[in-house]
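To keep things clear, I will list the structure first and then write my remarks on it.
The values are calculated or read from the model by the stated rules, or taken from the named source; none is laboratory data. Note that the structure is a prediction, hence the values are computed from the model and not measured. Every residue, glycine among them, receives a Cβ derived from its backbone with ideal geometry; neighbour counts consider all protein chains shown. Heavy atoms of the whole protein, side chains included, go into the accessibility calculation; ligands, DNA and RNA do not. Shrake-Rupley method; radii C 1.70, N 1.55, O 1.52, S 1.80 Å.
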Amino acid sequence: MSNIAGKAYAMNVITPIRWYTVWLNKVIFWAALKNPSTLKGLITLSLIHYARWVIIGRNQFPHVHPSQPKEDLKYAYMLFFSNFNGSWDQYVDSFTFAIPSGLDMFWKWNIRYPKSVALTPFHKYIRYNQLDTLHYYNAYPLATSNDVKSARIVKAKLLDFDGATRESSDGEFAREYRKLLRDLQHDLGDMYPTPIVSMSAYQVERRQRWHDGQLDGSKH
Amino acid sequence: MSNLSGNAYALTVLSPIKPGIVADEEIAYADKVRSILLGWNELKNSPMTAVPQTYLCRYFVLDNPYTESLPGGGALDTISDWLPVVPDWLRRAVMPAHDQLKSRYLVFSANVHVGPSGDIAPYLRGMWQAIRPQIESIWQYCYGFDEVKDADGFAAYIQRCALPASLFFVGSNDEALPEQLKALYIKQEFAKFAVANQGLPTATLRQHFRDFMTRIAPHELAAPTWEPGKYRLP
């Protein structure tokens, strides 16, 4: 199992929907897509890299070969995939506290959805329907979603500063440099590995320590 | 298209796994796939580091959907409390049904950069070119994969197994991966520069800044930068 890759956590949740209410869920997602202001709540959850909802109709599981048996299901299913920073509890709780109505809207028509408030039934629902990831890859395990966003700002402002001060006097350069640092106060900051950067990194380092004789081979 | 948000693409793939058994190991194909994917965690880094433009991706095996029967929060659940006369058979009848999949599915879910074209095929061809042996090692156990012989075949096959997203949310940004990695490198280096160059006379600071800009080469995406999947700092 490898739900963690650096500072990102991979969540997969599969929940059943009655086939005859799938259209309601699709309308809700369509409306959210057409009216991005409805996603404002999600944007405030700046710990998310990427998230998606996929609805699989009960006859829509991929069928790619004549020898493959066709599925015969009572329910349609909704898959939710998220990539977020921090712990499972922090993430699930932030949903409950930041956007409970939005969350209820997206899961409302799922079988036995208990609503996002109160916390304990919601935790149980997500945990019960969650699927663990076997292999999780993150192109930037050292960075959070906020790091990726702020890095873009740092780069742009640094290039602007560089362009604007090439021909300026030393006094102007110093003034603009201080201004640059003030402007970037929210965006600068070192990135460091988390204690377990990824399961693979953990395994590699553990193996290295074992080879170095720092670990008992039997515990490897 | 809802798979697309700006230049980022949400790829969701469910490939049905055949029901066979790996003869010499006496394990089911699905468990063999599981074992190979877990083995990737033991490598120095993920094979996906070699696949261009992959922000984040995951693999798992879907054996079955879950059916839980905790109290729900729907209107009917509440009404049943108000109506003590609801007979037992009706109360039992609202228990969720239990679905059973006929195949297990290899799930591959990726967030990738595709650019303004919105076409996922070039990404999939790039994936085949970068890690063909690893792809074959897991997808060989899936229905229909026998017919995949080249990059185009792989792209077509994966698109047959793909499902559209109803909603794709990008909380990060949709720049090309080399741009994102270069920006992260610059952010890290500039934070160090700002700390190390406090309180210097302006002329010295300026000279250091010039040297710094030359060293980080902000317009060169190839180097210096962070390589994909970098998890340690020097």
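Condition check for residue A:126 on (1) at pLDDT 95 or above; (2) not in a loop (DSSP other than H, G, I, E, B): one failure, at (1).
In the range A:149-158, which residues are touching an Asp or Glu at 6+ places or on another chain (Cβ under 9 Å) and within 7 Å of chain B (Cβ to nearest Cβ)? Reasoning before the result, please.
Taking the range A:149-158 and keeping what is touching an Asp or Glu at 6+ places or on another chain (Cβ under 9 Å), we get A:149-155, A:157.
Within the range A:149-158, A:149, A:150, A:151, A:152, A:154, A:155 meet the criteria.
Looking only at the range A:107-126, residues that are more than 23 Å from residue A:26 (Cβ to Cβ) and within 7 Å of chain B (Cβ to nearest Cβ) come to 2 in all. Scanning the range B:109-145 for residues that are assigned to a helix (DSSP H, G or I), within 24 Å of residue A:82 (Cα to Cα) and more than 18 Å from the chain's Cα centre (by Cα) yields a total of 0. The set of residues in the range A:42-87 being touching a Phe, Trp or Tyr at 6+ places or on another chain (Cβ under 9 Å), surrounded by fewer than 18 Cβ atoms within 10 Å (Cβ to Cβ) and in a helix (DSSP H, G or I) consists of A:43 alone. Say we look at the range A:144-179 and pick out the residues that are touching a strand residue (DSSP E or B) at 6+ places or on another chain (Cβ under 9 Å) and open to solvent by less than 20 Å² (accessible area, probe 1.4 Å); which of these is nearest to residue B:195 (Cα to Cα)? Restricting to residues being touching a strand residue (DSSP E or B) at 6+ places or on another chain (Cβ under 9 Å) and open to solvent by less than 20 Å² (accessible area, probe 1.4 Å), the top hit is A:148.
Take the residues of the range A:175-192 that are within 22 Å of residue B:233 (Cα to Cα) and among the charged types (D, E, K, R): which is farthest from the other protein chains (Cβ to nearest Cβ)? Here the answer is A:187. Scanning the range B:146-190 for residues that are part of a helix (DSSP H, G or I), over 16 Å from residue A:144 (Cα atoms), open to solvent by less than 10 Å² (accessible area, probe 1.4 Å) and not β-branched (Val, Ile, Thr) returns B:154, B:155, B:157, B:190. Does residue B:121 satisfy the criteria of being among the aliphatic types (A, V, I, L, M), open to solvent by less than 60 Å² (accessible area, probe 1.4 Å), in contact with a helix residue (DSSP H, G or I) (Cβ under 6 Å, 6 or more places away or on another chain) and farther than 22 Å from residue A:166 by Cβ? Here the answer is yes, as residue B:121 does meet what is asked.
Being out of contact with any helix residue (DSSP H, G or I) (no Cβ under 8 Å at 6 or more places or on another chain) and either within 24 Å of residue B:66 (Cα to Cα) or within 8 Å of chain B (Cβ to nearest Cβ) (or both): is that true of residue A:39 here? When the stated conditions are applied, residue A:39 does not pass them. Restricting attention to the range B:86-108 and to residues that are free of Cβ contacts under 8 Å to residues at least 12 places away in the same chain and assigned to a loop (DSSP other than H, G, I, E, B), the residue that is nearest to the chain's Cα centre (by Cα) turns out to be B:102.
For residues in the range B:178-212 being farther than 30 Å from residue B:229 by Cβ and among the hydroxyl-bearing types (Ser, Thr, Tyr), which is farthest from the other protein chains (Cβ to nearest Cβ)? Can you show your working first?
Initial filter on the range B:178-212 (farther than 30 Å from residue B:229 by Cβ): B:197-210.
If we keep only those that are among the hydroxyl-bearing types (Ser, Thr, Tyr) too, we end up with B:202, B:204.
Working: B:202: 4, B:204: 10 Å.
Applying the filter and picking the extreme gives B:204.
Taking (1) at the interface with chain A (Cβ under 10 Å from one of its Cβ atoms); (2) at pLDDT below 95 in turn, residue B:90 satisfies each apart from (1).
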